[in-house]
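Accompanying notes for the structure given below.
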Amino acid sequence: MTAVGIDAVEIWTGNLKLDLPGTFAPKKGEDPEKYTKGLGLNASSFPDSYEDIVTMGANAAHRLMKRKGLEPEDIGRIDVATESAFDNSKPVSTYVAGCLEQVYEADFHHANKGERKFACISGTQSLDDAYNWIRAGRNRGRSALVIATDTALYARGDDGEATQGAGAVAMLISEDPNLVELSAEQGYGSADETDFLKPNQQFPSVDGKRSVQVYLARMREALEDFESVAGEVHEEDFIYAPFHTPFPGMVRKAALLAFRHVTRNTEVEDELADEIGRQPRPEAFDSDDEYRDALREYMDLLKDTDRYAEWYDTTIDPTLTIAREVGNWYTGSVHVARASALKHALENDREMTGKKLLIGSYGSGAQAEMHSETVQEGWKDEIGALNIDGQLADRYEMEWADYEEIHDSHNHDMDVDIEEFTTPNEEFVFDGWGRMGERKYRYVE
């Protein structure tokens, strides 16, 4: 069976930076470590006044196509995943295609275009759609372009304000991919939840504590469902485990649960038994409350073991490096985590060809998905071509007054016109409004 997966990836971060411990924390009168150690964030990325989800997505896609030497005729499908859409009818993918047609002689009239919505998991769902389209033989030799693009803004003063971020990830889905092959096996955990939602509003309504609980519950269900078709998952099966990362602190919670799960009934549990005892089993307790109390006590002890710390440092922490500097990208977050892991492997000379990643995606509302990916021979060239370090270094660092202005300029309920902080160069930019209220774009040489 021909391998299908991600052939190439490109990342485009918003051109502005907000220093959380240095600028945000002092203005809020809070300890900087609340952000660096608690949330696990150093900075957030923001779009300049001429940027939005279309420009970021189109810029990432254009960079990918240029690097791979692709023409519109090579792309048979363009899917955009976002939870920041601004039109209830016209999909963002048509805007992106319109941008790209400004810089290519040919057009994308032949390409199927769509927009996916299921909170943050829709980026992975779009990957699944592209995978299925190719597997079904409907691609006619063409590849799919999957773009996850979001501006994750919260209302001023909201508890989630520090986790904001903006950026896009573009992925080329092809046969015989250079980066990773996607597994046919998937696992799901899904339920009707109201942990995070935007009922016809730009800024989210969030039940923070509930959101963490739902995230962990759905991820556990997805892992168990994945094991039902792929077999038991053990600690040594995967080199990295990129999870959806609304902020690194959330992944720390998921990682501890995952480690307990993959070491259950293994030699690792046996080795740890002398130090912290064996994992509690529900049948050993008279009530659910007693079992949960014992489980919490065990988890607290497990978190402090050297064995867990070593696993976390090698398998999880490398997936969070980029996220610490950009914040939450909603649909792009898990795909940033994958890139971060492989970037770490390249920088540390880890041999990855044939190794596996365990990908844990999540979207509020709520659904999680687990699948595995096998790293391909061309991974070094693909990851080596990313210029994310340069992008991060080149961002304009905002003062507090700058942040207030840029937040207001991207608030749909406010009519704010501000000067850009950066100068666009070889990128698509927002260029005003059309006669029907549509957004217009142009390419700046």
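The values are calculated or read from the model by the stated rules, or taken from the named source; none is laboratory data. Since we're looking at a predicted model, the values are computed, not measured. Positions of Cβ are backbone-derived with ideal geometry, glycine not excepted, and every protein chain shown enters the neighbour counts. All accessible areas refer to the heavy atoms of the entire protein, side chains included, with ligands and DNA or RNA removed. Shrake-Rupley method; radii C 1.70, N 1.55, O 1.52, S 1.80 Å.
Listed values, structure above:
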item	result
Whole-Hz ³J(HN,Hα) from phi, Karplus 6.51 cos²θ - 1.76 cosθ + 1.60, for the stretch 407-421, glycine and proline x	5, 5, 5, 9, 7, 4, 8, 10, 9, 10, 10, 10, 6, 5, 8
Under Karplus coefficients 6.51, -1.76 and 1.60, residue-wise ³J(HN,Hα) of the stretch 394-401 in Hz, glycine/proline x	7, 5, 7, 8, 7, 7, 4, 5
Amide H partners (placed H, <5 Å) of Phe421, local residues excluded	Ser49
Trypsin sites (Lys or Arg not before Pro) within the stretch 260-319: DSSP coil, no more than 15 neighbouring Cβ in 10 Å	Arg264, Arg278
Within a Gaussian network of the chain (alpha carbon springs, distance under 10 Å), most fluctuating of Val212, Val375, Val92	Val212
Cα point-scatterer Debye curve for the stretch 201-252, base-10 log of I(q)/I(0) at q = 0.18 Å⁻¹	-0.75
Reachable lysines from Lys253, criterion Cα separation under 18 angstrom, eight or more residues apart if same chain	Lys34, Lys37, Lys209, Lys303
Using alpha-carbon coordinates, inclination of helix 122-135 to the longest axis of the chain, degrees	80
Per-q log10 I(q)/I(0), the stretch 295-440, q = 0.08, 0.16, 0.19, 0.21 Å⁻¹ (Debye; single scatterer per alpha-carbon; no solvent)	-0.38, -1.12, -1.28, -1.38
The stretch 103-169 - percent relative contact order, Cα under 8 Å, separation 6 or more	22
Radius, Kirkwood style, for the stretch 351-424 when every pair of distinct Cα atoms is counted (Å)	17.0
Accessible area of the chain belonging to carbon and sulfur atoms, whole % at 1.4 Å probe	42
For q = 0.07, 0.10, 0.11 Å⁻¹, Debye-computed log10 I/I(0) when each Cα of the chain counts as one equal scatterer	-0.34, -0.69, -0.84
Glu175-Arg442 FRET efficiency (beta carbon distance; Förster radius 51 Å; 0.05 resolution)	0.90
Angle between the chain longest axis and helix 53-68 axis [Cα atoms, degrees, rounded to 10]	90
Integer Hz, Karplus 6.51/-1.76/1.60 couplings in order for the stretch 96-101, x for Gly and Pro	4, 4, x, 4, 4, 5
5 angstrom amide H check on Ala81, placed H, neighbours 5+ away	Arg116, Ile147, Ala148, Thr149
Percent RCO, i.e. relative contact order, over the chain, from Cα pairs under 8 Å lying at least 6 residues apart	25
Highest-fluctuation residue, Gln164, Gln376, Gln102 considered, GNM on the chain with Cα pairs under 10 Å	Gln102
Choice from Asp128, Asp381, Asp389 showing the highest fluctuation, given a GNM over the chain with Cα pairs closer than 10 Å	Asp389
Nearby lysines by direct alpha-carbon distance to Lys117 (threshold 19 angstrom, same-chain neighbours under 8 apart not counted)	Lys90, Lys198
Whole-angstrom gap from the stretch 331-359 to the stretch 163-205, using each part's C-alpha centre	17
Heavy atoms of Leu223 accessible to a 1.4 Å probe, total area in Å² rounded to 10	10
Convex hull volume of the stretch 6-150 per residue (C-alpha atoms, cubic angstrom)	138
Between helix 248-263 and the chain: long-axis angle, C-alpha atoms, 0 to 90°, nearest 10	40
Set of lysines with alpha-carbon distance to Lys355 below 21 Å, sequence-local pairs under 8 removed	Lys343, Lys380
Separation of the Arg264 and Ser287 label points, Cα + 7 Å toward Cβ, nm	2.3
Cα-based Rg of the stretch 260-376 normalised by 2.2 N^0.38 Å, two decimals	1.29
Heavy-atom surface of the chain, accessible at 1.4 Å and reported per residue (Å²)	43
